[in-house]
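The values are calculated or read from the model by the stated rules, or taken from the named source; none is laboratory data. On a predicted model such as this, the values are computed, not experimentally measured, just so you know. We place every Cβ from the backbone using ideal geometry, glycine too, and count neighbours over all the protein chains shown.
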Amino acid sequence: MFVIEKVVEDMPDSVPLMEMLNELFYLNATYNGSDLVVGNGDEQLIKIIDTLKRTIQLDPDFKLSEISVEKLNMYVNGLVSYGIMKCKVLINPNQGDEGNAVIGSK
């Protein structure tokens, strides 16, 4: 089991975090009208990562903590990796028609 997977699953209330990750995917996804299409996944991930980092850094509790920027970066990258692996936050163009891709939680 990946460390981030264990951390997220052990979190008492990780649902809002996973919902935020899912919402960030939809906000940064590429659309053709109302249909999701394969876009620039790298660009989408950078936007999601930047938004998560900014949100955490602006939290008053984070400012009071002594968590380093390096640890924050590792956490956010791990969280997004978890989202890719477990929640399927990106459409995989190699899985056929993107209209049939599974998006969101398993």
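A few notes on this one:
- Among the helices (runs of 4 or more DSSP H) confined to the stretch 1-92, the ones with at least 3 residues that are touching a helix residue (DSSP H, G or I) at 6+ places or on another chain (Cβ under 9 Å) and modelled with pLDDT of 85 or more are located at 15-28, 41-58, 69-82.
- Any pair with Cβ under 8 angstrom, 6 or more apart, that starts in the stretch 57-82 at a residue that is loosely packed, with under 12 Cβ neighbours inside 10 Å and ends at one that is modelled with pLDDT under 85 and outside any helix (DSSP H, G or I): none
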